[in-house]
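Engineer: Quick one: this structure, given as structure tokens, is what I'll be asking you about.
No value in this document is a laboratory result; all are computed from the given coordinates. The structure presented is a predicted model; accordingly, all values stated were derived computationally and were not measured. Using ideal geometry, Cβ is built from the backbone for each residue, glycine included, and neighbour counts are taken over all protein chains shown.
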Amino acid sequence: MGSFYRLLIQCEKDERIKIDEILGVSKSNVGIGWELIIEENSLLFNQALSYFAELLENNFDSLRSAGISSEMITVWYMYEYEQQCNMEFHPEIMKKLGDLQIVLCISCWEK
């Protein structure tokens, strides 16, 4: 798998079931919680951060009711590169993630 975005919610199994009902069933079997991955070949890839932010914003009340806090949620950009690693993020999406108190994590590795 090359570059991808990952929305991760660290939770226990019973919380994961509630998140499945709110955000949709996680297709991954990650042991630390619920996740949604958007791979670089997806049509959503270029808008992944906006997609995640809107998904969370639209469902934050339900997530809170299920016991999920912003401290349990991270968004990852996993970036595979050759020779040089550059990236930029638009201020609007950074502000939206910041307003939601969601941490953006970036992990880069060379091919």
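Engineer: Distance in nm between label sites at residue 83 and residue 108, each 7 Å beyond Cα in the beta-carbon direction?
Structural biologist: 1.5
Engineer: Another question about this same structure. Rounded to the nearest 20 debye, what is the charge dipole size of the stretch 2-64 about its Cα centre when +1 sits on each Lys and Arg Cβ and -1 on each Asp and Glu Cβ? Mind dumping the intermediate values first?
Structural biologist: Values: 6 positive and 11 negative charges, 24 e Å.
Roughly 120 debye for the stretch 2-64.
Engineer: Are any of the pairs 18/96; 27/111; 13/111 more than 29 Å apart by Cα-Cα distance, and if so, which?
Structural biologist: Working: 18/96 24 Å; 27/111 26 Å; 13/111 34 Å.
Violating the 29 Å limit, Cα to Cα: 13/111.
Engineer: Quick check: the angle from helix 48-65's long axis to the longest principal axis of the chain, C-alpha only, nearest 10 degrees?
Structural biologist: Compared with the principal axis, the helix lies near 20 degrees.
Engineer: Report, by chain and number, residues whose modeled amide H sits under 5 Å from the one on residue 28, excluding near sequence neighbours (fewer than 5 apart, same chain).
Structural biologist: Residues meeting the criterion, in which the H sits 1.01 Å from N, are 35.
Engineer: Using DSSP to call loops (not H, G, I, E or B), can you name the GluC sites (Glu not before Pro) in the stretch 1-74 whose Cβ has at most 12 other Cβ atoms within 10 angstrom?
Structural biologist: Numbers: sites: 12, 15, 21, 35, 39, 40, 54, 57, 71; in loops: 12, 40.
Qualifying residues, ordered by number: 12.
Engineer: Could you work out the relative contact order of the stretch 1-70? I mean the mean sequence separation of Cα pairs under 8 Å and 6+ apart, divided by the number of residues, in percent. Kindly include the intermediate steps, with their values, before the conclusion.
Structural biologist: Working: 72 pairs, mean separation 27.0, N = 70.
Once normalised by length, the contact order is 39 percent.
Engineer: Can you run the Rg to Rh ratio on the chain? Use alpha carbon positions and the Kirkwood inverse-distance Rh.
Structural biologist: On the way: Rg = 14.1 Å, Rh = 14.6 Å.
Rg/Rh: 0.97.
Engineer: If one takes the longest principal axis of the Cα atoms in the chain, at what angle in degrees, from 0 to 90 and to the nearest 10, does the Cα axis of helix 13-23 lie?
Structural biologist: 80
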